[in-house]
1. FRET efficiency for Asp53 and Phe472, Cβ-Cβ distance as r, R0 = 51 Å, nearest 0.05?
2. Among residues other than Arg10 whose Cβ falls under 14 Å from its Cβ, what is the net charge (Lys/Arg +1, Asp/Glu -1)?
3. Per Stokes-Einstein, at 37 °C and 0.692 mPa s, what whole-number D in µm² s⁻¹ belongs to the stretch 264-318, with the Kirkwood radius over Cα pairs as the hydrodynamic radius?
4. Rounded to the nearest 5, what % of the DSSP beta bridges within the chain are antiparallel ones?
5. Cα centroids of the stretch 39-61 and the stretch 504-539: how far apart, whole angstrom?
6. On a C-alpha basis, how far is the centre of the stretch 293-330 from the centre of the stretch 432-451 in Å? Whole number, if you could?
7. Once both labels are modelled 7 Å past Cα along the beta-carbon direction, what's the Glu241-Leu72 spacing in nm?
8. If each residue of separation counts as 0.36 nm, what is the full-extension length gain between Ile261 and Arg38 once their alpha-carbon separation is subtracted?
Amino acid sequence: MGIGVILAERGLISRAQLEEAIAEQRRSGERLDHVLVRLGFVTREQVLEALGDQFHMPVVDLASTAVEREALDAMPAQLVYRQNCVPIRRENGTLTVATSDPFELTALDELRLLTGCSIELVLADEEELHKFIRSHYGVGGDTLDAMSADSVHAVEGADEARDEVEQAQEASVIKLVNDLLIEAINERATDVHIEPYEDELVVRYRIDGVLQRANVPPTINRFASAIISRIKIMATLNIAEKRKPQDGRITFSHRNKDGRIEEYDLRVSVIPMLFGEGVVLRVLNKSAVLLRLEDLGMPRHVLEPWDALIRKPHGIVLVTGPTGSGKSTTLYASLNRIVSDEVKCITVEDPVEYHVPGVNQIQVNEKVGLTFAAGLRSILRHDPDAVMVGEIRDRETAETAVQASLTGHIVFSTLHTNDAAGAVTRLIDMGVEPFLIASSVEGVLAQRLVRRVCTECASAYEPSPADLPDDFRLRAGQTLTHGEGCRACRQTGYRGRVGIYELLRLDSEIREMIMQRVNAPTIAEHAIKSDHLSTLRQDGYAKVIEGTTTMTEVMRALAV
């Protein structure tokens, strides 16, 4: 009896829903229970419970199951990957094996033969099963086992480059690289680091701004050159060039959990190192839904004046912060807020990270002379209302942006400074005249990203006063929140990120101080007293009290 009939007989789905799911299954080729869950007719838990009752199999929660090494070693990794089942307990000659597909029992005889044990099957959620396999057997372990069995090695000699190309295009290497990239995407990584050392190849993912080592089998070391060659081919780089740095990009498609195809733009950087070539891939989701300013964690006392600033008809509004602090995301959300049929917006970016509907976006190409400054000068002839320059890097771009703002355009851009007041002095240091800055800049938003406390394992605690900064006020008996660590957050206690912000609005006195080349701390001090600046620290403390993040995270972010 099929899963669809089982669910229908239990009253969990209607006949009409079953027929719709069967039609969708024929179109997509997916398993019927996957289609039913994707269409929202049933939950994964309902499917699992129904299967357990039907086949009289107990259901286990792999996320909370502790497994001894002896049990894991009872089955070859290749069989684990091929049959999608894992050993979780071994006692008294019986091996308990978790599977997500009770309809596929052909592996039972093979398991009995290989292990010499009686086999007891239990049911587990498919997604949890895949996480368990990756966690205990490593990413791409099945592919690496097959490659090791085939003795795939790079060949040295006169035809080394040709052999590397052939090796990198083998199906097993292609699958291995795809496994690494898909794992990075599933874990929400923004960067993938592949680092060669003398005796090992290390793969690390940057998740929520922090590098974490990927769980890959040790056998990956033997195929370092094949993996790097495959990435070079995907990025159309010179596979034979190993002495100079190279940059490229890859467009990578992946079907997400909802069954939708998502496109990712991977920026690739290859640099020769002591024991081989190191690779870093920046992961940009081209299909990502643009966030609203409210979704970024911007508090009301920042959001309302920022909203007023971005709707001004002319002037410069700047977003500042170190690399990876979410400046581009804030600018995209701001543009998305003001763009309409009446407002023409053009951007010059390097690279174009997200596609914004209704916005004309230009990719910088310095090889042909299309720099930020050149692109900005050209787009002013296209009669825009709003302009975004990805980054102000030099005097030429800064002066062009100022001139654009003075001729009736609202200009958005970013700067690498640690606080809002520092943006003004940075422009002066670039060589822009103070009177031009004073007459064009309307406001500066500084920001950082801090990790959110994981909602799955969040718990309240009473902090020790010694662990809190001197200027942080906490009432007696008041609790804060932290994450205990769970599988959802990879035992870190954090999942996702939120922004902390400070907004400097320029008044007549601040403009006068700019004309007099007053330093940034003095400008900040005046702005705080006149209620024209709310600081990063204040916003960070507010989010700690709310339970959104922790004091450790705020201190880490503000130490930059």
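1. Approximately 0.45, to the nearest 0.05.
2. Net charge around Arg10: -4.
3. Estimated diffusion coefficient is 215 µm²/s.
4. Bridges in the chain are about 65 percent antiparallel.
5. 60
6. 11
7. If labels sit at Glu241 and Leu72, their model points lie 4.2 nm apart.
8. Going from the current span to full extension adds 78.9 nm.
The values are calculated or read from the model by the stated rules, or taken from the named source; none is laboratory data. As the structure is a prediction and not an experimental result, all values here were calculated from the model. Cβ sites come from the backbone with ideal geometry, for glycine too, and all protein chains shown count toward neighbours. Note: areas computed on protein heavy atoms with side chains; ligands, DNA, RNA excluded. Shrake-Rupley method; radii C 1.70, N 1.55, O 1.52, S 1.80 Å.
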